[in-house]
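The next block holds one structure in the form of C-alpha cells; read it before the comments.
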Amino acid sequence: MKHAEKLVGVAMALYADYETGENVCPSNGTIARELGYGGKAPEQTVNKIVGKLRRAGWLTKTGKVPDGPVIYRLTLPKQGGMAEEPYNLHTFKSDGGRSEEPAAKSKPVG
C-alpha cells in the first residue's frame, strides 16, 4: 500500500463511527484540504485513492448523502479466501486474531 493510500485511509477512518466503522462520509474536498493536497485537481486525486481503497477491500460503499458525499464502511480486505468483514472494535483481538473468542468489551470510564 502506498503512503498516499495510507494517509487517505487514516483520514477516512477518523470519520468512522468508533463502534462499528460505519458512516464514513467526508467529502473528497474535505480529505484533500485536511491532508494538504494541492495542485489542479486535489479532489480527483482523493477520489482515485478512495477507489483504490475500495478495490483493495478497505472501504465498502453503503450509500450516498443526497447532493453530497458517498457513505462508506471500514472493512478488512479479503485474505486467504475469507469474506470481507466490517470493522468492529468489539471483535478486534489483541493476539493478532489467533483466538476464537471475541475481544472483551471495555466499559466507559466515569
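Descriptive notes on the structure:
- Rounded to whole numbers, the Karplus 3J(HN,Hα) couplings from phi for region 14-22 are 5, 8, 6, 4, 4, 7, 10, x, 9 Hz, using 6.51 cos²θ - 1.76 cosθ + 1.60 with θ = phi - 60°, and x at Gly and Pro.
- Rough spin-label spacing in nm, given labels placed 7 Å along Cα→Cβ, for Leu14 and Lys52: 2.0
- Structure note, pairs Lys52/Lys78; Lys40/Lys61; Lys6/Lys40: Cα-Cα distances above 19 angstrom occur for Lys40/Lys61; Lys6/Lys40.
- Note on Lys64: accessible area approximately 120 square angstrom, rounded to 10, probe 1.4 Å, nucleic acids and ligands left out.
- The label-point distance for Lys64 and Lys2, in a model that sets each label 7 Å from Cα toward Cβ, rounds to 2.6 nm.
The values are calculated or read from the model by the stated rules, or taken from the named source; none is laboratory data. All values reported here derive from a predicted model rather than from experimental measurement. When we count neighbours, we look across all protein chains shown, and the Cβ atoms used for this are built from the backbone with ideal geometry, even at glycine. What goes into the accessible areas is simple: the full protein's heavy atoms, side chains included, and nothing from ligands, DNA or RNA. Shrake-Rupley method; radii C 1.70, N 1.55, O 1.52, S 1.80 Å.
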